[in-house]
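Just below is one structure, and these are the notes that go with it.
Every read-out reported here was derived from the displayed coordinates using simple, explicitly stated rules and does not represent laboratory data. Computed from a predicted model, the values in this text were never measured in an experiment. Ideal geometry is used to build each Cβ from the backbone, glycine not excepted, and the neighbour counts take in all protein chains shown.
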Amino acid sequence: MTERTFEDDPLKDQVRNMLAELGEDPERQGLLDTPKRVAKSMRFLLGGQDQNLTDVVNGALFEEEVDEMVLVHDIEFYSMCEHHMLPFFGRIHVAYLPKGRIIGLSKIPRIVDMFARRLQVQERLTVQVAEALQEVLEPKGVAVVSEASHLCMMMRGVSKQASRATASCMLGGFRKNAQTRNEFLSLVRASGNKY
């Protein structure tokens, strides 16, 4: 949301109505600017839906005769559960097997952020990251593993504060070749993760 001052954001009125509906007084001092802050925060947290893969990658693809695994691990991500609109957050590990082309390393976390900053579920996020890399690179394979803590499980419902969820997506050589998949998983484990 560029160029918006947030003074005219229609979300402000919705937040103010929600506060009143919950029994709060939106006019009390501590809440006076809350509608504007929440609107601005939500626009940022869900801004990934306004991005597209072409703009995020921005041409950072390079011809390179490399055929060994490329791994970027421990990429922090923050997302919003589409079921309760509560945060889930964690780390994601992304690898690919190049086939004559590589991507600028900073673009991988940017791709993660593009998909994480929308109403989401962890399983879909993991697959979307893998499929995006497959689309732009056409590599021999892509592997993505994510681990996250979900506030919808921690703060409400079953209230299990120590629980975490893991999701994975293996494409191409990572799906077909157990040795390649195990190499990826062992490299992730070596970085201090328990996968």
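Considering only alpha-carbon pairs that sit under 8 angstrom and 6 or more positions apart, the relative contact order computed for the stretch 60-125 is 42 percent. Full extension of the chain between residue 28 and residue 65 yields a length gain of 7.0 nm, computed as 0.36 nm times the residue separation minus the alpha carbon distance. Helices in the chain, meaning DSSP H runs of at least 4 residues, each add -39500 (n - 2.57). Divided by all residues, the mean residue ellipticity at 222 nm is -11000 deg cm²/dmol. Remark: the chain carries a charge dipole of roughly 680 debye about the Cα centre, counting +1 on each Lys and Arg Cβ and -1 on each Asp and Glu Cβ.
Counting only residues at least eight positions apart within a chain, or on another chain, the lysines with an alpha carbon under 24 Å from that of residue 176 are 99, 140, 194.
Relative contact order of the chain: 18 percent, from C-alpha pairs under 8 Å at least 6 residues apart in sequence.
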